[in-house]
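Each remark here refers to the structure printed beneath this line.
The values are calculated or read from the model by the stated rules, or taken from the named source; none is laboratory data. From a predicted model like this one, the values you see are computed outputs, not experimental measurements. Virtual Cβ from ideal backbone geometry, glycine too; neighbours counted across all protein chains shown. Side chains included, ligands, DNA and RNA excluded: accessible areas come from the protein's heavy atoms. Shrake-Rupley method; radii C 1.70, N 1.55, O 1.52, S 1.80 Å.
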Amino acid sequence: MAMTLITTNPDSTDVATVSFTSGIDSTYKLYIFKFYDVNPATDAAYFQWQGSIDGGSNYNVTQTTTFFASSHSEDDDPAELQYVDGYDIAQGTGFQYLNDTLEDHADASLVGELHLFNPSNTTYVKHWYATTNAMFQYSPTGAGNVFTAGYFNTTDDIDAVQFKMSSGNMDGVIKMYGVG
């Protein structure tokens, strides 16, 4: 299946949010968001996301999610794989973390992608999963992978999404693709 680039946010420097309020419709059954060099302006921030059913007026769709992370430092401490239940959402409307705490250093950034399945379907809930890689704040000499997944517990169509940091602004590029 071919991936079609739908839109790219501008090479955003010091922005609070990146929202995609158009282009998510019934054209594709799979939308992929790719993250390039996302960097927080505030140390120890979390990159996060949420969907909307009203064109981006509100980002508060009920979701259930899971979160686990692997990390490995140059000195092997930590070197671990862990389920992090405190970063899950259980039928809540908050923004879902897509990473562990990030460094705000100029040489630290996050990359990854998020897959959103069939967001315009009005019969079923909307599934998604994401994978990100970054230098975690607690492991500045290593790398960490985060794996998140979940579903929006609504049969309404998801027609907009928003990405932001848990605190402060961010830099980076996010591209939205349709697959089909």
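Within segment 62-92, name every residue whose backbone N is under 12 Å away from a label modeled 7 Å from Cα of His105 along the Cβ vector.
Within reach of a label on His105, which here means backbone N under 12 Å from a point 7 Å along Cα→Cβ, segment 62-92 contributes 74.
Give the relative contact order (percent, whole number) for the chain; include only Cα pairs under 8 Å separated by 6+ residues.
42
Work out how much length Asp77 to Met3 would gain on full extension: take 0.36 nm times their residue separation and subtract the Cα-Cα distance, in nm to one decimal.
Details: separation 74, 0.36 × 74 = 26.64 nm, distance 3.88 nm.
Result for the pair: 22.8 nm of gain on full extension.
Just the number, please: carbon plus sulfur as a percent of the accessible area of the chain, 1.4 Å probe, no ligands or DNA/RNA counted.
49
List the residues of segment 84-128 whose backbone N lies under 15 Å from a point placed 7 Å from the Cα of Thr155 along the Cα-to-Cβ direction.
Residues 120-126 fall inside that zone.
Binning at 10 angstrom from zero up to the longest distance, how are the C-alpha pair distances of segment 1-141 distributed in percent?
So the P(r) values, bin by bin, are 10, 38, 35, 15, 2.
Would you mind checking segment 31-75 for residues with the amide N under 19 Å from a putative spin-label position 7 Å along Cα→C-beta of Gln91?
It comes to 60-67, nothing else.
Suppose the chain between Asp43 and Ser167 were pulled fully straight at 0.36 nm per residue; how much longer would it get relative to their current alpha carbon spacing?
Length gained between Asp43 and Ser167: 43.8 nm.
For the chain, report the accessible area per residue in Å² (1.4 Å probe, heavy atoms, rounded to an integer).
Per-residue value: 45 Å².
Given the options Thr123, Thr42, Thr13, state which has the largest fluctuation in a GNM of the chain using a 10 Å cut-off (strictly under) for Cα springs.
Of the options given, Thr123 has the highest mean-square fluctuation.
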